[in-house]
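**Student:** I have a structure I would like to understand better, so I am pasting it below and will then ask my questions one at a time.
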Amino acid sequence: MTTSKQLLSTLRAFHLENPEATWPELRDHLRSIAEDVLATPTEWELLDTHGIVYSDIRDELHTIARTAALTPPQAKAVEMGRRIMHAAERRLNGHPKGLADLIDEIDQESSSDSQTLASPSLSVSPPQVIPAAVQEAKSRSWEELADSYMAEHSVNVKVSTLGALRTQHTVIGRAFEAVGISDLFKHKREDLIAVRTKLLESRAPSTVNNLLATLTTVLKWAEANDLIKKAYTAKLKLTKATTSKREGFTEAQVVKAMHYANGLPVTSWQRWGLSLLAITGARVGEIAQLTKTDIKQVDGCWCIDINENSPGKSLKNRYSARLVPLTHGAFGFDLTSFLEAVKAGALPADNGINAMNASRHLGALLKKALGEDRLETQSLHSLRHSMAARLQSKGTPLPFAQAILGHASGSISYDTYGGNGLPIKALAGVLSDAFGIAPPENNEPTAQG
């Protein structure tokens, strides 16, 4: 449900809070919005975030159209705003013509309007005197901007990422404090460079880039809502030495880890948690929230169903929902024993284990299993990298790797780690090939015929 605070924010962003506003005034502001959306570059990592924002604003305008008391100029502005937001979403999908056409449409109407010879705002009212108290209120701290952003957008953020996002906001705030920047309303480009330099003192470039992406999102939102004069974030992210240093495990390391896991009791959730990470390439949070009903047969193939179909479940993004076949015999994985253990309650979720606890316990288990064979750059998540590398080495087509790993694009599956709609049997065949196992008919364990 759209909150009153969100609706008020949208009204202000589109200058719809003033019933005295004329259509030329509103039209000129709408043109500025469309032009800014078209002219502002979008970082690849922020495409999904911006798409959610545009979609939310369009929904809020729809709610305003249904429920608010509107003047004729406001009604026209609401409809035009909805069209602009729809075109903005299309732009993120590689179709910018819609925005360009809307700008032309506004320009054509404006050129025939005699009011364009003078500033509409000056023609209807005298210059506004801004009280000193209001001018002083223009000061904006990072904490204020970040809190306002979260208040407006927390309903759109996955529960699993809220804590991480707040932590990032805190880290950025400390960097601003360390370099002596307390007022973002009148910040300069060199201030953001100083923050970036401070963040680099104790963090890897790839980590700093993630923080800068969050910084950019908040400042761009603040600029769009007139909370700051301008967001000087263009090309702020680092372009050198940003490759993740996290390494995948070698085949021998995975074999050793799985040998250790297979020696644990059949009722141990740690055994099956580590095994599923190794043979599916899933994220630890995805494994931690699996329930009995998520272990199912589809087209004769036993799979894990990674979803957020019940309360408490949350996925990284919409591409994360997927079915991943279970490969009997992969690194000694026994499908029959696993299915029996699931019935007996051996999944992490059955034992009250959340994603954080699963990550801590399984990470410690992996360290114990590998001992001195584990490198400092290898972690539990390295099992996911290993799966990507294994698929790539087998020449697996990108769409199949994407469907198995749950990435937003196929290129991420290989560029970073070494939708779906694909038949589950085809995915099972891809995984069997990756593990060097001839797939039994219907993905059943050989012992079961």
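The values are calculated or read from the model by the stated rules, or taken from the named source; none is laboratory data. Computed from a predicted model, the values in this text were never measured in an experiment. Heads up, the Cβs are rebuilt from the backbone with ideal geometry, glycines too, and the neighbour counts pull from every protein chain shown.
**Student:** Condition check: under 18 Å from Leu315 (Cβ atoms) and buried (at least 21 other Cβ atoms within 10 Å of the Cβ). Does Ala346 satisfy that?
**Tutor:** Here the answer is no, as Ala346 does not meet what is asked.
**Student:** Which one of Ser160, Ser148, Ser121, Ser125 is within 30 Å of Thr22 (Cα to Cα), at pLDDT below 65, surrounded by 13 or more Cβ atoms within 10 Å (Cβ to Cβ) and not assigned by TED's automatic domain parsing to the domain that holds Ala21?
**Tutor:** Every option except Ser121 fails the conditions.
**Student:** Hey, can you tell me all the residues within the range 257-305 that are over 16 Å from Leu339 (Cα atoms) and surrounded by fewer than 16 Cβ atoms within 10 Å (Cβ to Cβ)?
**Tutor:** Of everything in the range 257-305, those that are over 16 Å from Leu339 (Cα atoms) and surrounded by fewer than 16 Cβ atoms within 10 Å (Cβ to Cβ) turn out to be His259, Gly263, Asp299.
**Student:** Could you go through the range 335-343 and let me know if any residue there is farther than 22 Å from His259 by Cα and charged (D, E, K, R).
**Tutor:** yes
**Student:** Can you tell me which residues in the range 11-34 are hydrophobic (A, V, I, L, M, F, W, C) and either under 14 Å from Leu61 (Cα atoms) or assigned to a loop (DSSP other than H, G, I, E, B) (or both)?
**Tutor:** Residues satisfying the conditions are Leu11, Ala13, Phe14, Leu16, Ala21, Leu30.
**Student:** For the range 170-198, how many residues are assigned to a helix (DSSP H, G or I) and either touching a strand residue (DSSP E or B) at 6+ places or on another chain (Cβ under 9 Å) or surrounded by fewer than 21 Cβ atoms within 10 Å (Cβ to Cβ) (or both)?
**Tutor:** Residues that pass the stated criteria total 14.
**Student:** Further question: Give the residues of the range 89-107 that are part of a helix (DSSP H, G or I) and surrounded by 14 or more Cβ atoms within 10 Å (Cβ to Cβ), sorted by residue number.
**Tutor:** Those that are part of a helix (DSSP H, G or I) and surrounded by 14 or more Cβ atoms within 10 Å (Cβ to Cβ): Glu89, Arg90, Arg91, Leu92, Gly98, Leu99, Ala100, Leu102, Ile103, Glu105, Ile106.
**Student:** Here are Ile181, Ile130, Ile172: which of them is at pLDDT 60 or above and farther than 30 Å from Gly312 by Cβ?
**Tutor:** Checking each option against the conditions leaves just Ile181.
**Student:** Any chance the range 424-437 includes a residue that's at pLDDT below 90, in contact with a Gly (Cβ under 6 Å, 6 or more places away or on another chain) and farther than 18 Å from Glu251 by Cβ?
**Tutor:** Within the range 424-437 (the criterion being at pLDDT below 90, in contact with a Gly (Cβ under 6 Å, 6 or more places away or on another chain) and farther than 18 Å from Glu251 by Cβ), the answer is no, since none of the residues qualifies.
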